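Undergrad: One structure is given below, represented as C-alpha coordinates, and several questions about it will come after.
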Amino acid sequence: MMSNPAVGGTAYGAGKAGGPFDPIEYIKKPQVILRLISLLFSIIVFGCISSGGWYANQCQMSGDSNACGYGTGIGVLAFLFCIGFLITDALFENISSVQHRKYAVIADLSVSGFWTFLWFVGFCYMTDKWVNADPMASYYNKRGHGRDNIQAAIAFSFFSIATWAALTFFAIRRYRAGAQDVFSSGYEPDPNASSPYSSFPGSDTGDPYQQPPFSQQKEVPDYQAPTY
(Lines give C-alpha, C1' and ligand atoms only; values in the text may rest on other atoms or scores of the structure.)
Protein backbone atom coordinates (compact mmCIF):
# COMPACT_ATOMS: atom_id res chain seq x y z
CA MET A 1 0.00 0.00 0.00
CA MET A 2 1.29 3.49 -0.88
CA SER A 3 2.29 5.44 2.18
CA ASN A 4 1.32 9.05 2.80
CA PRO A 5 4.46 11.22 2.85
CA ALA A 6 2.57 14.14 4.35
CA VAL A 7 1.92 12.14 7.49
CA GLY A 8 5.26 10.45 8.02
CA GLY A 9 7.77 12.65 6.24
CA THR A 10 7.85 15.44 3.69
CA ALA A 11 5.83 16.18 0.57
CA TYR A 12 6.20 19.04 -1.92
CA GLY A 13 8.78 20.88 0.13
CA ALA A 14 6.89 20.84 3.43
CA GLY A 15 7.11 18.72 6.54
CA LYS A 16 4.51 16.44 8.02
CA ALA A 17 1.10 17.87 8.74
CA GLY A 18 -0.05 18.81 12.21
CA GLY A 19 2.99 20.78 13.30
CA PRO A 20 2.70 24.20 14.95
CA PHE A 21 2.78 27.31 12.77
CA ASP A 22 6.10 29.14 13.04
CA PRO A 23 5.78 32.73 11.71
CA ILE A 24 9.56 33.22 11.69
CA GLU A 25 10.17 30.18 9.51
CA TYR A 26 7.21 31.20 7.36
CA ILE A 27 8.67 34.65 6.64
CA LYS A 28 12.06 33.10 5.84
CA LYS A 29 10.67 30.97 3.00
CA PRO A 30 11.97 32.18 -0.38
CA GLN A 31 8.55 31.99 -2.05
CA VAL A 32 6.97 34.02 0.76
CA ILE A 33 9.62 36.74 0.44
CA LEU A 34 9.15 36.82 -3.33
CA ARG A 35 5.37 37.04 -2.97
CA LEU A 36 5.65 39.98 -0.60
CA ILE A 37 7.98 41.75 -3.05
CA SER A 38 5.67 40.92 -5.97
CA LEU A 39 2.71 42.21 -3.98
CA LEU A 40 4.52 45.51 -3.36
CA PHE A 41 5.45 45.83 -7.05
CA SER A 42 1.85 45.20 -8.12
CA ILE A 43 0.60 47.95 -5.79
CA ILE A 44 3.12 50.37 -7.28
CA VAL A 45 2.13 49.49 -10.85
CA PHE A 46 -1.63 49.84 -10.58
CA GLY A 47 -1.35 52.68 -8.05
CA CYS A 48 0.90 54.77 -10.28
CA ILE A 49 -1.25 54.24 -13.36
CA SER A 50 -4.45 55.01 -11.49
CA SER A 51 -3.11 58.19 -9.92
CA GLY A 52 -1.03 59.65 -12.74
CA GLY A 53 -1.53 57.65 -15.89
CA TRP A 54 -4.59 59.57 -17.03
CA TYR A 55 -4.91 63.17 -18.19
CA ALA A 56 -8.14 64.73 -19.41
CA ASN A 57 -9.76 61.29 -19.17
CA GLN A 58 -7.22 59.90 -21.61
CA CYS A 59 -4.33 57.52 -20.99
CA GLN A 60 -1.03 59.36 -21.39
CA MET A 61 0.50 56.33 -23.08
CA SER A 62 -0.34 57.42 -26.63
CA GLY A 63 -3.94 57.93 -25.61
CA ASP A 64 -4.41 54.15 -25.59
CA SER A 65 -6.80 53.37 -22.75
CA ASN A 66 -6.03 49.67 -23.22
CA ALA A 67 -2.43 50.26 -22.13
CA CYS A 68 -3.51 51.88 -18.89
CA GLY A 69 -6.25 49.31 -18.38
CA TYR A 70 -3.89 46.40 -19.03
CA GLY A 71 -1.31 47.63 -16.51
CA THR A 72 -3.97 48.30 -13.90
CA GLY A 73 -5.71 44.97 -14.48
CA ILE A 74 -2.69 42.69 -14.21
CA GLY A 75 -1.46 44.70 -11.23
CA VAL A 76 -4.72 44.28 -9.30
CA LEU A 77 -5.00 40.58 -10.15
CA ALA A 78 -1.35 40.00 -9.24
CA PHE A 79 -2.04 41.64 -5.86
CA LEU A 80 -5.01 39.33 -5.24
CA PHE A 81 -3.08 36.22 -6.31
CA CYS A 82 -0.21 37.14 -4.00
CA ILE A 83 -2.62 37.45 -1.07
CA GLY A 84 -4.22 34.12 -1.91
CA PHE A 85 -0.95 32.23 -2.23
CA LEU A 86 0.46 33.81 0.92
CA ILE A 87 -2.50 32.30 2.78
CA THR A 88 -1.94 28.99 1.00
CA ASP A 89 1.73 29.01 2.01
CA ALA A 90 0.73 29.61 5.62
CA LEU A 91 -1.69 26.67 5.58
CA PHE A 92 0.44 24.39 3.43
CA GLU A 93 2.12 22.65 6.37
CA ASN A 94 -1.28 21.59 7.75
CA ILE A 95 -2.56 20.08 4.50
CA SER A 96 -2.45 16.37 5.27
CA SER A 97 -3.50 15.17 1.81
CA VAL A 98 -0.63 14.79 -0.65
CA GLN A 99 -3.10 15.19 -3.50
CA HIS A 100 -4.29 18.55 -2.17
CA ARG A 101 -0.71 19.69 -1.75
CA LYS A 102 -0.08 18.70 -5.35
CA TYR A 103 -3.05 20.79 -6.52
CA ALA A 104 -1.76 23.80 -4.58
CA VAL A 105 1.71 23.51 -6.09
CA ILE A 106 0.31 23.06 -9.62
CA ALA A 107 -1.89 26.14 -9.15
CA ASP A 108 1.13 28.11 -7.95
CA LEU A 109 3.18 26.92 -10.92
CA SER A 110 0.45 27.73 -13.44
CA VAL A 111 -0.36 31.20 -12.11
CA SER A 112 3.29 32.19 -11.59
CA GLY A 113 4.29 31.09 -15.08
CA PHE A 114 1.31 32.77 -16.71
CA TRP A 115 1.79 36.03 -14.81
CA THR A 116 5.46 36.09 -15.76
CA PHE A 117 4.32 36.09 -19.36
CA LEU A 118 1.64 38.75 -18.73
CA TRP A 119 4.12 41.06 -17.02
CA PHE A 120 6.50 40.68 -19.96
CA VAL A 121 3.73 41.55 -22.41
CA GLY A 122 2.64 44.48 -20.23
CA PHE A 123 6.15 45.86 -19.98
CA CYS A 124 6.66 45.73 -23.76
CA TYR A 125 3.18 47.10 -24.46
CA MET A 126 3.36 50.04 -22.06
CA THR A 127 6.95 50.88 -23.00
CA ASP A 128 6.07 51.04 -26.68
CA LYS A 129 3.04 53.25 -26.08
CA TRP A 130 4.94 55.58 -23.77
CA VAL A 131 8.00 55.94 -26.00
CA ASN A 132 5.82 56.69 -29.02
CA ALA A 133 3.56 59.16 -27.19
CA ASP A 134 3.23 62.54 -28.90
CA PRO A 135 4.10 65.39 -26.48
CA MET A 136 1.84 67.73 -28.44
CA ALA A 137 -1.22 65.48 -28.30
CA SER A 138 -4.22 66.30 -26.13
CA TYR A 139 -3.70 63.27 -23.92
CA TYR A 140 -0.19 64.37 -22.95
CA ASN A 141 0.26 66.55 -19.89
CA LYS A 142 2.67 69.27 -20.99
CA ARG A 143 3.50 70.14 -17.38
CA GLY A 144 4.91 66.69 -16.82
CA HIS A 145 2.31 65.64 -14.25
CA GLY A 146 2.09 61.86 -14.15
CA ARG A 147 5.28 61.27 -16.11
CA ASP A 148 7.10 59.82 -13.13
CA ASN A 149 4.09 57.66 -12.32
CA ILE A 150 4.04 56.05 -15.74
CA GLN A 151 7.78 55.53 -15.80
CA ALA A 152 7.61 53.93 -12.35
CA ALA A 153 4.78 51.66 -13.49
CA ILE A 154 6.79 50.54 -16.50
CA ALA A 155 9.94 50.00 -14.41
CA PHE A 156 8.17 47.92 -11.77
CA SER A 157 6.44 45.94 -14.49
CA PHE A 158 9.92 44.91 -15.59
CA PHE A 159 10.93 44.06 -12.01
CA SER A 160 7.77 41.97 -11.66
CA ILE A 161 8.92 39.78 -14.54
CA ALA A 162 11.94 38.76 -12.45
CA THR A 163 10.02 38.11 -9.22
CA TRP A 164 7.27 36.06 -10.86
CA ALA A 165 9.85 34.12 -12.88
CA ALA A 166 11.60 33.29 -9.59
CA LEU A 167 8.25 32.17 -8.13
CA THR A 168 7.81 29.92 -11.16
CA PHE A 169 11.26 28.43 -10.56
CA PHE A 170 10.50 27.63 -6.92
CA ALA A 171 7.13 26.15 -7.87
CA ILE A 172 8.81 23.86 -10.42
CA ARG A 173 11.36 22.79 -7.84
CA ARG A 174 8.64 22.04 -5.28
CA TYR A 175 6.66 20.05 -7.82
CA ARG A 176 9.67 17.93 -8.82
CA ALA A 177 10.63 17.34 -5.20
CA GLY A 178 7.08 16.32 -4.35
CA ALA A 179 6.81 13.94 -7.28
CA GLN A 180 10.09 12.27 -6.30
CA ASP A 181 9.02 11.96 -2.65
CA VAL A 182 5.70 10.37 -3.56
CA PHE A 183 7.32 7.95 -6.00
CA SER A 184 10.12 6.86 -3.68
CA SER A 185 7.85 6.45 -0.65
CA GLY A 186 5.13 4.69 -2.59
CA TYR A 187 7.21 2.19 -4.52
CA GLU A 188 10.32 1.57 -2.45
CA PRO A 189 10.43 -2.14 -1.57
CA ASP A 190 10.31 -3.13 2.08
CA PRO A 191 13.45 -5.13 2.92
CA ASN A 192 11.71 -6.76 5.91
CA ALA A 193 8.72 -7.93 3.91
CA SER A 194 8.49 -11.68 3.53
CA SER A 195 7.94 -13.25 0.15
CA PRO A 196 4.38 -14.54 -0.48
CA TYR A 197 5.84 -17.66 -2.09
CA SER A 198 7.46 -20.32 0.07
CA SER A 199 10.91 -21.39 -0.95
CA PHE A 200 11.62 -24.82 -2.37
CA PRO A 201 12.51 -27.38 0.27
CA GLY A 202 16.23 -27.45 0.62
CA SER A 203 16.76 -24.19 -1.30
CA ASP A 204 18.24 -22.52 1.79
CA THR A 205 21.08 -24.99 1.96
CA GLY A 206 23.09 -23.03 -0.56
CA ASP A 207 23.56 -26.00 -2.89
CA PRO A 208 22.47 -24.89 -6.39
CA TYR A 209 22.81 -28.44 -7.69
CA GLN A 210 20.67 -30.16 -5.15
CA GLN A 211 18.72 -32.97 -6.64
CA PRO A 212 14.98 -32.46 -7.16
CA PRO A 213 12.45 -34.50 -5.21
CA PHE A 214 11.88 -38.14 -6.12
CA SER A 215 15.33 -38.25 -7.73
CA GLN A 216 16.56 -40.79 -5.17
CA GLN A 217 14.88 -44.17 -5.56
CA LYS A 218 14.72 -46.73 -2.84
CA GLU A 219 16.71 -49.87 -3.54
CA VAL A 220 14.59 -52.91 -4.42
CA PRO A 221 15.47 -55.91 -2.27
CA ASP A 222 16.82 -59.05 -3.99
CA TYR A 223 14.20 -61.64 -4.92
CA GLN A 224 14.33 -64.77 -2.83
CA ALA A 225 12.71 -67.93 -4.07
CA PRO A 226 10.20 -69.43 -1.68
CA THR A 227 11.13 -72.70 0.03
CA TYR A 228 8.74 -75.62 0.02
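Undergrad: Please specify each residue of region 101-126 satisfying the condition of being farther than 15 Å from residue 177 by Cα and not aromatic (Phe, Trp, Tyr).
TA: The answer is 107, 110, 111, 112, 113, 116, 118, 121, 122, 124, 126.
Undergrad: Look through region 118-141, keep the residues that are hydroxyl-bearing (Ser, Thr, Tyr) and in a loop (DSSP other than H, G, I, E, B), and return whichever of them is farthest from residue 53 (Cα to Cα).
TA: It comes out as 138.
Undergrad: Considering only residues that are exposed (fewer than 14 other Cβ atoms within 10 Å of the Cβ) and touching a helix residue (DSSP H, G or I) at 6+ places or on another chain (Cβ under 9 Å), which ones fall in region 26-35?
TA: Residues satisfying the conditions are 27, 30, 33.
Undergrad: When the residues of region 106-130 are narrowed to those that are among the hydroxyl-bearing types (Ser, Thr, Tyr), touching a residue at least 24 places away in the same chain (Cβ under 8 Å) and closer than 30 Å to residue 92 by Cα, which ends up surrounded by the fewest Cβ atoms within 10 Å (Cβ to Cβ)?
TA: 116
Undergrad: Among the numbered criteria (1) within 18 Å of the chain's Cα centre (by Cα); (2) modelled with pLDDT under 95, which single criterion is violated by residue 111?
TA: Against the list (1) within 18 Å of the chain's Cα centre (by Cα); (2) modelled with pLDDT under 95, residue 111 comes up short only on (2).
Undergrad: Follow-up question, since we're still on this one. In a helix (DSSP H, G or I) and within 24 Å of the chain's Cα centre (by Cα), is that true of residue 152?
TA: When the stated conditions are applied, residue 152 does not pass them.
Undergrad: Note down all Cβ pairs under 8 Å where the first residue falls in region 56-83 and is under 14 Å from residue 151 (Cα atoms), the second is surrounded by fewer than 18 Cβ atoms within 10 Å (Cβ to Cβ) and basic (Lys, Arg), and they're at least six residues apart or on different chains.
TA: Filtered contacts from region 56-83: 60/147.
Undergrad: For residue 133, which of the numbered conditions (1) buried (at least 18 other Cβ atoms within 10 Å of the Cβ); (2) farther than 18 Å from residue 62 by Cβ; (3) small (Gly, Ala, Ser) fails to hold?
TA: Checking residue 133 against (1) buried (at least 18 other Cβ atoms within 10 Å of the Cβ); (2) farther than 18 Å from residue 62 by Cβ; (3) small (Gly, Ala, Ser), the one that fails is (2).
Undergrad: Within region 48-77, how many residues are out of contact with any Leu (no Cβ under 8 Å at 6 or more places or on another chain), assigned to a helix (DSSP H, G or I) and either among the aromatic types (Phe, Trp, Tyr) or surrounded by 18 or more Cβ atoms within 10 Å (Cβ to Cβ) (or both)?
TA: Of region 48-77, the ones out of contact with any Leu (no Cβ under 8 Å at 6 or more places or on another chain) are 48-73, 75-77.
Next cut, assigned to a helix (DSSP H, G or I) only: 48-52, 65-73, 75-77.
From the residues that got through so far, the ones that are either among the aromatic types (Phe, Trp, Tyr) or surrounded by 18 or more Cβ atoms within 10 Å (Cβ to Cβ) (or both) too are 48-49, 52, 67-68, 70-72, 75.
Of the residues in that region, 9 qualify.
Undergrad: Return the total of residues in region 33-56 being over 12 Å from residue 164 (Cα atoms) and touching a Phe, Trp or Tyr at 6+ places or on another chain (Cβ under 9 Å).
TA: Adding up the residues that qualify gives 9.
The values are calculated or read from the model by the stated rules, or taken from the named source; none is laboratory data. Just so we're clear, the structure is a prediction, and the values are computed from it rather than from any experiment. Note that we place each Cβ from the backbone using ideal geometry, even for glycine, and neighbour counts take in every protein chain shown.
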